[in-house]
Amino acid sequence: MEYEAVIGLETHVQLKTKSKMWCTCANAFGAEPNTHVCPVCLGLPGVLPVANEEALRLTALTGLLLHGEISPSAKFDRKNYFYPDMPKNYQITQYDRPSTLGGYVEFEYNGGISRVRITRAHLEEDVGKNFHFERNSGVDFNRAGVPLLEIVSEPDLTNADQAYEYLNALKDILMYGGISDCDMEKGMVRCDVNVSVRPIGTKELGAKIEIKNMNSFSGVRRALEYEIPRQIEVVKGGGKLIQSTRRWDDLAGVTEEMRTKEHAHDYRYFPEPDLMPFEPTEKWLEEISARVVELPLARKQRFILDYQLPAGDAEVFKNDVALGNYFAPIAKQSKNPKAIANWVINNLRAKITESRSRDNEALIENPEHEQKLLASSPTNVFDGLKFKPEAILELVNLVDAKIISSSAAQQVFSEMYDTGKSPAAIVQEKGLAQVSDTGAIEKFCDEAIAANPNSVADYKSGKTAALNFLKGQVMKLSKGKANPNLVGEILEKKLKG
């Protein structure tokens, strides 16, 4: 009997707000332990929470970006449990009336488009962080009370690679929408994995095994690559899987059992008595709708369709939004958008990266120049370019019209980037225009043929590579200015004649 995996993911995302969920403490990473805390986020007696409205906005915006529904009446609940990193001994979350319901995430997978349904996205607060030392432990409550969005998927995933692609697609959507910076090194995204196995063709789900607190997408993939075969091996061997929670040991490459869960834990949920249900108005929802952005997959598909770009180029413009936004207005004016894309991706991006690298090196050598460097650096790197975007269009047109060669165009671009001069002016100043005069090229060809009788004989005996040598000689005689296409045509005529 063959088995298949059934996978659902619970993704926890810290929202991009300036303050915490229920108080004015800073939502900021990297501060000294327990410095971004107050009586509210420490859960001291007598305090009252006040909801962060931007967190409510970002939650509703997430629902729209995920094609979900915004609840007309959402409420907060207390989820009661004791753990050292939970200062109140309960978590304010959403239980039976979350902010958003339903929706889906679409992403590229295995040559097609996969869709994973979303059950809900509910708003809650993050907990603190435990630290374990050699002889004692400590808790940093700076993170406690940070707004946290839990996005729960339906069990629509079937393997580790698909789960990995789903998580990356979800992260791209959240970053596009300004929901979260999704910096996994700072703990802004964490994931719980629910996985079971069942005989292929059956509908009943197997025992759900939960893998807790995964802090990297690659870790999720590796954990599933281990856990799925492990479960299949157990059931094929006649064993029985019991609902349980496991942890992933990244170094050992194995999952380990933490506790069994024959029955769901009773968190004794009840409505948060200090917070009224949230009922968004039409005007409020209209303001949220105005913040909806084009999704990453839609953007990539649009670049392919509108500009006839290969998938690789469109992927670059999907991942680098600023670069794509720079490219699009130029491409709309061009008959050759692929050539525009080549210059923007291969040349412009490389030059900007090179300039940034030089700035960083200068900063390392002269740290006192930091303020001067920051003051001179534009917010948008493209604002600091010395040439206008239309100059790239002009350069492409010069190449397409065969006025300059591709190699000369590289020289023109470097000069254009450094000085801001127009391509036409650079071509004029440096005499880079191709020689397309047939008479002049014929003269160069005659000289090359006369000076290289052995290569002529080789060509006539069937060695076609000799023609390339002769073309090189003609280009040398013309100092690289002869139109290479004309050179090849004229040489072939003369040698065959």
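Mind checking the full-extension length gain between Ala401 and Val254? Use 0.36 nm per residue of separation minus the Cα-Cα distance, one decimal, nm. Walk me through the intermediate numbers first.
Details: separation 147, 0.36 × 147 = 52.92 nm, distance 6.11 nm.
Gain in length upon complete extension: 46.8 nm.
Determine the per residue accessible area of the chain with all protein chains present and a 1.4 angstrom probe, expressed in square angstrom.
53
Would you please report the Å³ per residue occupied by the convex hull of the alpha carbon atoms in the stretch 234-299? Could you put the intermediate results ahead of the total?
Values: hull volume 19.2 nm³, N = 66.
In the stretch 234-299, the Cα hull volume divided by residue count equals 292 Å³.
Run the accessible area of the chain with a 1.4 Å probe and give the carbon-and-sulfur part as a rounded percent. Kindly include the intermediate steps, with their values, before the conclusion.
Details: 13360 of 26300 Å².
In the chain, the share of accessible area belonging to carbon and sulfur is 51 percent.
Assigning unit charges at the beta carbon (Lys, Arg +1; Asp, Glu -1) and nothing else, what dipole magnitude in debye, to the nearest 20, does the chain show about its Cα centre? Kindly include the intermediate steps, with their values, before the conclusion.
Details: 61 positive and 69 negative charges, 260 e Å.
Around 1240 debye, computed over the chain.
Pop out the ³J(HN,Hα) list for the stretch 318-335 in order, Karplus 6.51 cos²θ - 1.76 cosθ + 1.60 with θ = phi - 60°, rounded to Hz; leave Gly and Pro as x.
Working through the residues one at a time gives 6, 6, 10, 4, 4, 5, x, 5, 6, 5, 4, x, 6, 4, 4, 8, 9, 7 Hz.
Kindly write out, for the stretch 303-311 in residue order, the coupling ³J(HN,Hα) from the Karplus curve 6.51 cos²θ - 1.76 cosθ + 1.60 (θ = phi - 60°), rounded to whole Hz, with x marking Gly and Pro.
With the stated coefficients, the stretch 303-311 comes to 5, 5, 6, 6, 10, 6, 8, x, 4 Hz.
Can you give the translational diffusion coefficient of the stretch 222-336 in µm²/s, computed by Stokes-Einstein from the Kirkwood radius over Cα pairs at 37 °C and 0.692 mPa s? Spell out each step's value before the answer.
Details: Rh = 20.6 Å.
Rounded, D is 159 µm²/s.
I'm a student and want to see the number: the projected area of the Cα convex hull of the stretch 397-497, averaged over all directions, in nm². Numbers along the way, then the final one.
Values: hull surface 26.7 nm².
Taking a quarter of the hull surface, the average projection is 6.7 nm².
Which one, Phe382, Leu432, Val456, is farthest towards the positive end of the dipole of the chain when Lys and Arg carry +1 and Asp and Glu -1 on their Cβ?
Val456
So what is the 222 nm mean residue ellipticity for the chain from helices alone, if each DSSP H run of at least 4 adds -39500 (n - 2.57) and you divide by all residues, rounding to the nearest 500 deg cm²/dmol?
Numbers: 17 runs with 202 residues, N = 497.
Computed ellipticity for the chain at 222 nm equals -12500 deg cm²/dmol.
Efficiency by 1/(1 + (r/R0)^6): what FRET value for Glu32 and Ala311, r their Cβ-Cβ distance, R0 = 30 Å, to the nearest 0.05? Working shown, then result.
Details: r = 47 Å, r/R0 = 1.55.
E(calc), rounded to 0.05, equals 0.05.
By how many nm would the segment from Ala440 to Val234 grow when fully extended, if each residue of separation counts as 0.36 nm and the alpha-carbon distance is taken off? Each step should come with its number before you reach the end.
Values: separation 206, 0.36 × 206 = 74.16 nm, distance 8.12 nm.
My answer for the length gained is 66.0 nm.
Find which of Gly8, Asn168, Ile92 sits farthest along the positive direction of the dipole of the chain, computed with +1 on the beta-carbon of Lys and Arg, -1 on that of Asp and Glu, about the Cα centre.
Asn168
Computed over the Cα atoms of the stretch 164-238, what is the ratio Rg over Rh, Rh following Kirkwood? Let's see the in-between values first.
Numbers: Rg = 15.2 Å, Rh = 14.1 Å.
Here Rg/Rh amounts to 1.08.
Sticking with the crude label model, points 7 Å out along Cα→Cβ, report the distance from Thr158 to Thr24 in nm, one decimal please.
5.5
I need the semi-axes of the equivalent ellipsoid of the stretch 137-296: take the C-alpha gyration tensor, multiply each eigenvalue by 5, square-root it, list largest first in whole angstrom.
Working: eigenvalues 211, 83, 71 Å².
Ellipsoid half-lengths, sorted descending, are 32, 20, 19 Å.
For the stretch 450-491, what are Rg and Dmax over the alpha carbons, in angstrom?
10.1, 29
For the chain, the longest stretch holding no chymotrypsin sites (Phe, Trp or Tyr not before Pro) located in a DSSP loop with at most 15 other Cβ atoms within 10 Å is which? Don't jump to the answer; show the numbers that get you there.
Values: sites that count: Tyr81, Phe82, Phe133, Tyr267, Tyr269.
Between the exposed loop sites, the longest stretch runs 270-497.
Give me Rg/Rg_expected for the chain, where Rg uses Cα atoms only and Rg_expected = 2.2 N^0.38 Å with N residues.
1.34
If packing is taken as the mean number of other Cβ atoms within 10 Å per residue, what is the order of 45-53, 389-397, 476-484, highest first?
Working: 45-53: 13.2, 389-397: 20.1, 476-484: 17.4.
Top to bottom by mean Cβ count within 10 Å: 389-397, 476-484, 45-53.
Could you tell me what fraction of 2.2 N^0.38 Å the Cα radius of gyration of the stretch 41-195 comes to, as a two-decimal ratio?
Values: Rg = 17.0 Å, N = 155, 2.2 N^0.38 = 15.0 Å.
Rg over 2.2 N^0.38 Å, computed on Cα atoms: 1.14.
Long-range amide H contacts for Arg246: which residues qualify at under 5 Å (H placed 1.01 Å from N, peptide plane, sequence gap of 5 or more or a different chain)?
Glu210, Ile211, Lys212, Met258
Label Lys332 and Lys261 with points 7 Å out from Cα along Cα→Cβ: what is the distance between them in nm?
The modelled label-to-label distance comes out at 5.0 nm.
Each residue of the stretch 71-85 in order: what ³J(HN,Hα) in whole Hz does its phi give by Karplus 6.51 cos²θ - 1.76 cosθ + 1.60, θ = phi - 60°, with x for Gly and Pro?
Values per residue, Gly and Pro as x: 5, x, 8, 10, 9, 9, 10, 9, 9, 8, 6, 9, 7, x, 8 Hz.
Between Glu134 and Glu10, what length comes free when the chain is fully extended (0.36 nm per residue of separation minus the Cα-Cα distance, one decimal in nm)?
Numbers: separation 124, 0.36 × 124 = 44.64 nm, distance 3.23 nm.
So the extension gain works out to 41.4 nm.
In the stretch 1-73, which trypsin sites (Lys or Arg not before Pro) fall in coil by DSSP and have 15 or fewer other Cβ atoms within 10 Å? All intermediate terms of the calculation are to be shown ahead of the outcome.
On the way: sites: Lys16, Lys18, Lys20, Arg57; in loops: Lys16, Lys18, Lys20.
Hits after loop and neighbour filter: Lys18.
I want to check the label-to-label distance for Phe82 and Arg247. Put each point 7 Å from Cα in the C-beta direction and report it in nm to one decimal.
Rounded to a tenth, the inter-label distance reads 2.0 nm.
The values are calculated or read from the model by the stated rules, or taken from the named source; none is laboratory data. Since the structure is predicted, the reported quantities are computational estimates derived from the model, not experimental observations. Here Cβ is always computed from backbone atoms with ideal geometry, including for glycine, and neighbour counts include all displayed protein chains. The protein model used for the area step is the full one, side chains on, heavy atoms only, and it has no ligands, DNA or RNA in it. Shrake-Rupley method; radii C 1.70, N 1.55, O 1.52, S 1.80 Å.
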